[in-house]
1. If I take every Cα pair under 8 Å that is 6 or more residues apart in segment 485-596, average their sequence separation and divide by the length, what percent do I get for the relative contact order?
2. May I ask for log10 I(q)/I(0) of the chain at q = 0.07, 0.10 Å⁻¹, from a Debye sum over the Cα atoms as equal point scatterers with solvent left out?
3. So for 7, 509, 161, fewest C-beta neighbours within 10 Å to most, what's the order?
4. By how many degrees, between 0 and 90 and to the nearest 10, does the Cα long axis of helix 562-576 differ from the longest principal axis of the chain?
5. Net charge near residue 6: determine it from the other residues with C-beta under 13 Å of the C-beta of residue 6, scoring Lys and Arg +1 and Asp and Glu -1.
6. Which shape class applies to segment 143-206: rounded if a/c is under 1.5, otherwise prolate when a/b exceeds b/c and oblate if not, where a ≥ b ≥ c are the square roots of the Cα gyration tensor eigenvalues?
7. Cut-off under 30 Å on the C-alpha distance; same-chain residues fewer than 8 positions from residue 416 excluded. Which lysines are left, in chain and number order?
8. Report the charge-dipole magnitude of segment 485-596 in Debye, nearest 20, computed about the Cα centre from +1 at each Lys and Arg Cβ and -1 at each Asp and Glu Cβ.
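Just so you know, all these numbers are worked out from the coordinates, no wet-lab data involved. Since we're looking at a predicted model, the values are computed, not measured. For neighbour counting, all protein chains shown are included, and Cβ atoms are generated from backbone atoms with ideal geometry for every residue, glycine included.
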Amino acid sequence: MQRVGIDIGGTFTDLVGLRDGAIVIDKTSTTPHDPTEGVAIVLADVGTDIPAISDFLHGTTIAINTVLERKGANTALITTKGFRDVYTMGRNNRPEAFNLEFRRPRPLVPRSLTWEVSARMMASGDIVAPLIDAEIEAIGGELLAAGVSSVAVCLLHSYADPGHEQRIGKVLGRVCPGLFISLSHDILREYREYERTSTAALNAYVGPRVRTYLDRLEGFLTERDFGGSIQIMRSNGGTMSLGQARLQPVTMMESGPVAGMIAAGRIADILGIEQCIGFDMGGTTAKASLITDGAPEVREDYYIGGYSRGQPMQIPVVDIVEVGAGGGSIAWTDTRGGLHVGPESAGADPGPACYGKGGEAPVVTDADLVLARLNASRFLSGRMGLDPTLSAAAIKGKIADPLGLSVSDAALGIAKIADASMSLAVRTVSVERGCDPRDTTIIAFGGAGPLHAVAIAREIFIPRVIIPRYPGNFSALGMLLAPWRQDFVRTFVGDLARIDEAAARAAFDELRSVGNARLSEEGLSEADTEFQFAADLRYRGQEHTIAVPLGGVGDLIGGGSESLRQTFDRLHDRRYGHAAPDESIQIVNLRLILRAIGGDRSAEWLSAPYEAEDVQPDQTRDVIFDDPAAPVTSRIVWRPGLAPGAVIEGPAVIEEPNSTTLLYPGDVATVTDHGHLDIAIAGEA
C-alpha cells in the first residue's frame with residue numbers, strides 16, 4: 001500500500017488506503033486507552049505491508065477532546081507585568097445577553113499559575129524594559145516547585161519582536177528540562193492579546209498529551225520498519241510534519257472533520273456544484289461547513305466549545321459549526337419531563353446499548369435501530385452485530401416509561417430532536433453566512449450522516465443531497481486529498497491609501513524569508529510550492545477583517561489596486577450583506593499561505609467511472625418514518641451492487657458496509673457515473 005489515511009474519531013477509527021491505484025477501506029472501534037491499538041487493527045485488517053507505505057496521513061480528536069474534557073496538562077502562563085489577568089478577563093462582550101446564568105469560559109490556566117516578567121516592549125518592537133535572565137531562572141524554579149508540566153509564554157507585543165520570548169524559551173529549557181514550552185510567536189505573529197494568550201495556553205494545555213500520543217504512534221510504526229513520511233492533518237485543511245505537530249498541537253484541533261470537508265469540496269467540483277454544505281455526522285458530534293467553488297472557508301477566529309463559552313483560538317481553521325449530536329449521543333430526560341439528546345456521548349466504550357458492551361444509556365443509534373432504519377445484521381458488513389432488544393430495553397427504561405410513551409414513540413422523539421439540533425448547525429453555516437439553504441446541496445458523510453441527512457434537508461428545504469462513495473470513511477479519504485500547507489501572518493496596520501512602500505516590501509520579504517526557511521526545514525523546494533499572499537482588510541472604524549488575496553506588493557502601493565478594492569467590497573457584501581465602496585480601507589495583517597503543488601494528492605479514482613460489485617437481491621422491511629403506529633414497507637437495497645444510472649425511489653433504505661442512507665417516501669436517488677448517490681428531495685418536503 002503506497003498511501004494510507006487514518007482518522008481516529010471518538011467512536012470509530014477509519015482507514016482509507018491507496019494500493020496500486022485501488023482504494024481499500026476499513027473501520028473498527030476506537031480504543032480510548034491506547035488509540036494506536038485501533039490503528040494496528042485497521043492496518044492488519046486490510047493486510048497492510050507497513051514498510052511499503054510511502055505516506056502515512058493521520059487525523060485525530062485527541063487534541064480537541066483534551067480541551068473539551070479538560071484533561072490537559074497542569075499548565076502555567078508567563079506574561080508581561082500588569083497583564084496577568086488578560087486571559088481571565090477576556091472580552092467585555094456578552095454573547096447570551098438575556099441568560100441570567102451565563103458564565104464566561106473558565107480559563108485553562110488558573111491565576112495562581114500565572115507569572116509576570118518586567119520585560120516590556122512597544123507595538124513598534126522598541127524595548128521599554130529589558131529582559132533579565134535571573135528573573136526567568138527564578139520563575140523556572142517556582143514552576144518546578146508548583147509541579148507544572150507545561151508553560152505558555154505570551155508577552156505584550158511579541159508579535160512585533162519575538163526576541164524576549166525566544167530568550168525565555170532558552171532559559172526555561174535549560175532550567176526546566178522536559179517542560180513543554182509554548183511560545184506565542186511560534187504559533188502566530190498577530191495582534192489581539194487575549195486571543196494570542198488563549199491560543200498559546202491551548203497549545204501548552206494539550207501539548208504533553210498530544211506529544212506522548214504522537215511519540216507512541218511513531219514508535220509503533222518505526223518498530224514495524226516504516227520508513228515513509230508521517231503527515232498530520234491540520235485544522236486549516238492542509239497537512240504538516242510530525243515534528244511540527246509535536247510543537248504546535250493546537251493546529252490539529254479539528255483535523256478529522258476538516259479532512260472530510262476537503263473531500264466534500266472535491267466531490268462538489270466533480271459534480272459541478274457551486275455551493276454546498278458539507279455535513280459530517282459521526283458517533284460523537286455532527287459538523288457542518290459551507291463550501292463555495294470547491295473550497296470551505298478558512299477563518300482565523302475559532303472557539304473550542306462554541307462562541308458563547310468556548311476557548312478562543314486565533315489560527316486559521318476551516319469554518320466548521322459543531323453540535324453534540326452524533327450516533328452515540330445519549331438521550332436523557334430532565335426533572336420537568338423534557339427529552340434531550342447529547343451533548344454527552346457513549347463513545348466507543350461502552351458505546352450504544354445495542355453494542356452489547358454494557359452500555360445502559362439509550363443513544364441515537366439505539367433509536368435508529370428500534371425504528372428499523374438500521375439493519376442489525378449488516379452493521380460493519382456484519383462484523384459487529386447489533387442487538388435491538390438491548391436498544392428497546394434502554395429506551396424503555398430511561399425514556400419511554402418515565403415519559404409515559406411507547407418505545408417507538410420515544411425512539412422517534414430521540415431521532416427528531418437529534419435532527420432538529422443538527423439542522424441548527426446547517427442553518428448556521430448557511431443563513432448566518434448570507435446563503436439561502438434552498439440554493440445549496442448537502443454532501444453528507446460520516447457513519448451516521450447519510451441516515452439523517454435527508455431529514456435535515458427536508459427540515460430546511462434543501463432540495464438535493466449527495467452521498468459520496470465510502471461515506472463512513474470519508475474523513476480518512478479526505479486526508480489523501482489534502483496538500484501540505486503552512487500559514488504565516490504579520491501584523492501590518494495602516495490606511496490603504498497611505499501605505500509606506502518600503503515598509504510593505506520589507507514585510508513581504510520577511511514573510512517570504514520565513515516561508516523559505518520552513519520549506520528548508522521540511523525538505524521541500526520553492527519550485528514545488530505555491531506562495532499565496534493575502535491582506536486582512538476592513539473599512540475604517542470596523543473591528544474585524546476579511547482576508548483578500550494579493551497578486552503581490554504592487555496591489556498595496558498607491559492606495560491599493562482597483563481590483564483589490566472591488567474584491568474586498570464583494571467579499572464584504574457576501575459575508576455581511578452590504579458594502580461601502582466610498583469608505584476608506586485599512587490593512588491590518590499580511591498573510592502568506594504555502595501550499596504544495598502537484599501534491600494536492602488528488603486521486604484519479606474520484607472521477608473514474610464506477611462499476612457495480614457484490615450484487616445482492618433487494619429485501620423489504622417495515623420502517624418507521626413519521627408515525628410509529630404506521631410503519632412503511634420499504635425497499636432495502638445493497639449499495640455496492642447498484643450500477644451507474646440506477647434509480648431508487650423512496651421509501652427505501654440503502655445499506656453499505658460502513659453506512660446507511662434513508663430515503664423518505666417521494667425522494668429519488670440516482671447513482672452517478674462516479675458511484676455517488678444523488679438524491680432529489682420530494683417537492684412537498
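1. Over segment 485-596, the number comes to 48 percent.
2. Result of the Debye calculation: -0.48, -0.99.
3. 509, 161, 7
4. It is inclined by approximately 50 degrees.
5. -4
6. Details: a/c = 2.49, a/b = 1.50, b/c = 1.66.
Since a/c reaches 1.5 but b/c is at least a/b, the shape of segment 143-206 is classed as oblate.
7. 27, 287, 357, 396, 398
8. It works out to roughly 240 debye.
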